[in-house]
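Nothing in this text is a laboratory measurement; each read-out follows from the coordinates by a stated rule. All values reported here derive from a predicted model rather than from experimental measurement. Every residue, glycine as well, gets a Cβ built from its backbone with ideal geometry; the counts of neighbours run over all protein chains shown.
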Amino acid sequence: MINTRKVAIIGDGAVGSSIAYTLMLEDFVNEIALIDLNKDKALGDVLDMQDGLSFLKTLKVLKSGSYSLVKDSHVVIITAGVAQKEGETRLDLLKRNASIMASICDGIKPYLSKDSIVIVVSNPCDVLSYLCYKKLGLPSKQVFGSGTVLDTSRLKTLISKDTLIDSRNIHTFVIGEHGDSEVALFSSTIVGGLPLDEYCSKCGKCKNKSTNHFQKLAEEVKNAAYSIISKKGATNYAIALATSRIVSSILNDENSVLTVSTHIDNALNGLIKDVYMSFPCVVNGEGIKKIIHPNYSKEEMDGLLFSAKQIKEKIDTLNF
């Protein structure tokens with residue numbers, strides 16, 4: 001029987017261990033299984049976290065071991081794979097990570113239940129999510145990527161700095177590829193209850209706000225990971241928080257709208273077919289309840305079609 005509060009994490013690198021620690025602090029998780037080829041590393045992290053259990057509000061069960069620990073998990077998070085190098089795009093990672101992901105899918109498939117939900121965090125997120133969907137045989141609503149949930153948070157943070165409005169009162173989305181072709185939806189961005197353009201015209205803080213200025217913010221979002229990797233070698237804390245947010249929406253059955261990477265077929269009047277990419281999705285205990293398509297400007301639509309083309313070209317190179 002599935003444990004609706006159990007999460008299994010495949011991959012105990014910088015991202016996987018950060019996700020495990022972040023989830024340990026949350027009340028909505030009661031069991032965490034940490035699985036890695038380096039079993040000593042996974043066991044060491046479990047022992048390290050166990051030493052702090054008395055400081056938590058709720059009791060947790062922490063385990064490490066083999067793929068068999070996936071059994072009974074409501075959520076399985078895959079972070080395993082080789083890390084992105086400085087200057088390397090996420091899609092460049094595909095050649096190195098596709099075979100790793102295929103092997104993981106073969107390993108966990110016998111232990112998944114019909115209700116299991118699989119979240120792919122490994123990069124390139126969209127293409128590897130598609131690979132998992134095809135390999136695991138679960139409905140697409142139950143296999144999705146972390147997508148642009150983090151990118152959306154990055155954009156909110158930048159707009160918050162720009163407008164001096166709490167980022168929690170800024171509503172915007174970054175969609176498409178989790179990568180260089182992602183699209184920031186400025187046309188539907190709301191700041192403090194007002195459309196972004198209207199807010200900026202009334203604010204008066206910046207005299208020369210323009211479309212070009214906002215596109216610079218979008219470029220900063222795209223380049224955020226590259227900047228961080230060049231300084232510390234990896235990104236791990238913010239993606240851990242983003243993943244925790246997704247898990248919260250699942251385990252608490254929240255129906256939250258999150259830009260996860262999901263299977264898109266015959267979308268936008270049939271212009272986007274058979275790819276995984278991020279759109280605003282309603283996420284709950286069953287996975288993705290529905291996909292929301294906001295109104296897009298012409299530039300945003302063109303960007304989405306280009307993003308889908310980039311992802312589709314990489315998907316078509318997969319051999320599984």
With Cα coordinates, the longest principal axis of the chain makes an angle with the long axis of helix 39-50, in degrees rounded to 10, of 80
Computed from the beta carbon distance with a Förster radius of 30 Å, FRET efficiency for residue 61 and residue 115 to the nearest 0.05 stands at 0.95
Note: residue 234 to residue 47 extended length (0.36 nm per residue) minus current alpha-carbon separation gives 65.0 nm
With the charge dipole of the chain built from beta-carbon charges (+1 for Lys and Arg, -1 for Asp and Glu) about the Cα centre, the Cα from 62, 160, 49 projecting farthest to the positive end belongs to 160
Dividing the mean separation of Cα pairs under 8 Å (6+ apart) by the residue count of the chain yields a relative contact order in percent of 18
So the pair-distance distribution of region 3-145, from every Cα-Cα distance in 10 Å bins, comes to percents of 12, 43, 33, 10, 0
If the chain between residue 37 and residue 171 were fully extended at 0.36 nm per residue, the gain over the current Cα-Cα distance would be 44.3 nm
Hull surface over four for the Cα convex hull of the chain, reported in nm², is 16.3
Rounded to the nearest 0.05, FRET efficiency between residue 317 and residue 194 (Cβ-Cβ, R0 35 Å) equals 0.20
Computed, not fitted: 222 nm per-residue ellipticity of the chain from DSSP H runs ≥ 4 (each -39500 (n - 2.57)), nearest 500, equal to -13000 deg cm²/dmol
Of the candidates 308, 192, 264, the farthest towards the positive dipole end of the chain (Lys/Arg Cβ +1, Asp/Glu Cβ -1, centred on the Cα centre) is 192
The helix 94-108 Cα axis meets the longest alpha-carbon principal axis of the chain at an angle in degrees, between 0 and 90 and rounded to 10, of 40
Scattering profile of region 149-315 from the Debye formula, Cα beads only, expressed as log10 I(q)/I(0) at q = 0.10, 0.13, 0.15, 0.20 Å⁻¹, is -0.39, -0.67, -0.89, -1.46
Note, region 111-123: 3J(HN,Hα) by Karplus (6.51, -1.76, 1.60, θ = phi - 60°), whole Hz, Gly/Pro = x, goes 9, 7, 9, 5, 9, 5, 10, 10, 10, 9, 10, 4, 9
